[in-house]
Amino acid sequence: MGKNTKKKADSKKPAKKAEILPEDKYAVNSLSDLNTENLKNVILKNRYAQILIALTVIGFILRFYNIGFNSLWLDEASTHVFAQMSLSGIWDATASGEFNPPLFYYMEHFMLGAGDNEFILRFIPALLGALTVPVFYFLGREVSGKAGGAVTAALIAFSSFHIFYSQEARAYTPMLFFFSIALLSYLYAMRNGGTKWWALFGVFSAFAFWTHFYVFVAIGIIILHALIVKREEIMKNAAESLKPLIIALGLFIIMSLPLIVVTVGLFFKRTASGPTWGLSGINVMTQTVMMISGDMLTTAILLILALFGLYAVWRSDRNMFLLLILSLVLPFIVSMILSTKIPMSPRYMIYLLPFYFMTVSGCLLLVPKSIDMKKAAAVLIAVIFIINLPALAGYYTSYTKNDWRGFATGIEEATNEGDVIVVLPGYIKQPLNYYYSSTDDGTTEYSADSVKNLEEIAATTGNTTKFYIMTSDIMAVDPTGGAVDWLQQNTQFQGQYMGIYLFTSN
């Protein structure tokens, strides 16, 4: 009797309170948390905050280190040409056929006020690339908690693919930065509701679209996901359920309307003839996965982790699983179809990175609760660093772009006053002339895209010594190979400097 009474009394004892971890006690969850005392405790006591700060600092170092090592290549030199235009001139160039939106060129236009060199031109991509690291933390946290956020941040911080384009004066990492914020806003909107998050989704989607056209595919997939997830609510009360989405779309359309009109015209212009370069068919998928992952070993490891991650997310959150599946599959289907009409490159699909890395971090959902998640995340971060190390070591120690800076120096030494420079195709004047001045060197420069151009130049310049500078881009404007055949028959091949070929007149 006494024992039974004792047992009953014990059963009524209050349950032991769960330990409040520093990561939960010291955090920034609202504007009120942005005070000196709380921020100090977050930095000193919140281990995930410390990991995020460390990864962000590493992200800055990896994206700014040796940023001027590679000379500008063709596309970057093209950025420089557009950035030198007036603001109205940049828009006119887009409206008349430039296949990139103007926002990044506007940014670069103002950056040129601070100077004109590789560092200045690559500063914005590097800055926004580094700032993408903390955004990825919050994206990963939506899938697999704070530990998943840390792993997702590590994946982007050490990504050789992302670092490469963070050190390139093109719009890819700025587009990803804006799109990642749009995606995060969407996830918050779906989880918490609130018009402000839908509005932010619309606004940052517009910024991303003004930075690169192809992000339109990813934005469309997110809207499709919202309609699927909200289908039951829409069936019951369409007006109320669609209101926040309509607000987001309305903001996007209002901000992007001039560009949307231009995009339609550019699409038909671009698809009027088949592509002369780029990936096609199944190669769009295989090469993109390989490039955004790294080398073969890194690709294999990340894909295996992604498969486990997909399984774990499917078990825990079907709506998130649907978003990841749609966002990782549909872009490849669309791209493979479009590859028959327009050039396709893995860099256009840089917006796959958040979905891919969120999927990889989802594997942490399979870690038993008995294991410290901070330790599990730390192990996975160490693995991510190790598998990316070979690619990073190679990237920082060898040229990854044509060295037009070094080539220009060589041409200056080889030419004499009165010589003729012929570039094939004509638009490679852009990277060449960033480093080389025919006026200062006393030479005359011509452009050639075909046999006809070459014959006209030969007839005009007579016996003058001619230097023919060619890259493989000639096949994009002269796919028949006629210009290459003409050079082989009428000039002497002097050598190859990376992807730059030099010929001289007989």
Item to check | Euclidean distance between Cα centres, the range 387-426 to the range 340-366, Å | outcome: 31
Checklist entry - How big is the gap, in Å, between the Cα center of the range 107-158 and the Cα center of the range 285-315? => result 21
Checklist entry - Which far-off residues, 5 or more places away or on another chain, put their amide H under 5 Å from the one on TYR446, with H placed in the peptide plane? => result ILE421, VAL422, VAL423
Checklist entry - What pairs from LYS269/LYS401; LYS196/LYS230; LYS40/LYS146; LYS341/LYS429; LYS45/LYS374; LYS341/LYS401 go past 22 Å between their alpha carbons? => result LYS269/LYS401; LYS341/LYS429; LYS341/LYS401
Item to check | Derived scalar couplings ³J(HN,Hα) [the range 364-376; Karplus, 6.51 cos²θ - 1.76 cosθ + 1.60; whole Hz; x for Gly, Pro] | outcome: 5, 5, 8, 5, x, 5, 6, 9, 5, 5, 5, 5, 4
Checklist outcome for this item: Hydrodynamic radius by Kirkwood for the range 418-470, inverse mean 1/r across distinct Cα pairs, in Å, is 11.2
Next on the checklist: Under the 0.36 nm per residue contour assumption, what length would be gained going from the current alpha-carbon distance of TYR497 and VAL57 to full extension?
Outcome noted: 154.8 nm
Checklist entry - With a ≥ b ≥ c the root eigenvalues of the C-alpha gyration tensor of the range 394-506, is it rounded (a/c under 1.5), prolate (a/b larger than b/c) or oblate? => result oblate
Checklist entry - Using the alpha-carbon atoms, what tilt in degrees (0 to 90, nearest 10) does helix 283-293 show relative to the longest principal axis of the chain? => result 70
Checklist outcome for this item: Expressed in nanometres to one decimal, the distance between label points 7 Å along Cα→Cβ at GLU456 and ALA95 is 3.0
Item to check | Whole-Hz couplings from phi, Karplus 6.51/-1.76/1.60, listed for the range 302-316; x for Gly and Pro | outcome: 5, 5, 5, 4, 5, 5, 5, x, 4, 4, 5, 5, 4, 6, 9
Checklist outcome for this item: Rounded to the nearest 10 degrees, the helix 47-64 long axis (Cα) sits at an angle to the longest Cα principal axis of the chain of 0
Checklist outcome for this item: So the angle from the long Cα axis of helix 36-45 to the longest Cα principal axis of the chain, reported in degrees to the nearest 10, equals 90
Checklist entry - So what is the relative contact order for the chain, in percent, with contacts set as C-alpha pairs under 8 Å and at least six apart? => result 15
Checklist outcome for this item: Cα-based Debye curve of the chain sampled at q = 0.06, 0.07, 0.08 Å⁻¹ gives log₁₀ I(q)/I(0) of -0.35, -0.47, -0.59
Checklist outcome for this item: About its Cα centre, the range 404-505 carries a charge dipole, from +1 on Lys and Arg Cβ atoms and -1 on Asp and Glu Cβ atoms, whose size in debye to the nearest 20 is 180
Checklist outcome for this item: Once ALA238 and THR439 are pulled to full extension, the length gained, defined as 0.36 nm per residue separation minus their Cα-Cα distance, is 65.7 nm
Item to check | HN-Hα J in Hz across the range 256-272 - Karplus 6.51, -1.76, 1.60, θ = phi - 60°, x for Gly and Pro | outcome: 10, 3, x, 6, 4, 4, 5, 4, 4, x, 5, 4, 5, 5, 6, 8, 5
Checklist entry - What's the longest bit of the chain with no exposed GluC sites (Glu not before Pro), using DSSP loop states and at most 12 other Cβ atoms within 10 Å as the test? => result 20-416
Next on the checklist: Given points 7 Å out from each Cα along the Cα-Cβ axis, report the TYR106 to ASN283 separation in nanometres with one decimal.
Outcome noted: 3.7
Checklist entry - Check THR465: other-chain or 5+ apart residues with amide H under 5 Å from its amide H, H built from backbone geometry? => result VAL420
Checklist entry - Classify the range 207-358: rounded, prolate or oblate, from the alpha-carbon gyration tensor (a ≥ b ≥ c, eigenvalue square roots; a/c under 1.5 rounded; otherwise prolate if a/b is larger than b/c)? => result oblate
Item to check | Potential lengthening between ASN490 and ASN463 on full extension [0.36 nm per residue; Cα-Cα distance subtracted] | outcome: 8.4 nm
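Laboratory data are not the source of any read-out in this text; all were calculated from the coordinates shown. Please read these numbers as outputs of a predicted model, since none were measured by experiment. So basically every Cβ, Gly included, is an ideal-geometry build from the backbone, and we count neighbours across all protein chains shown.
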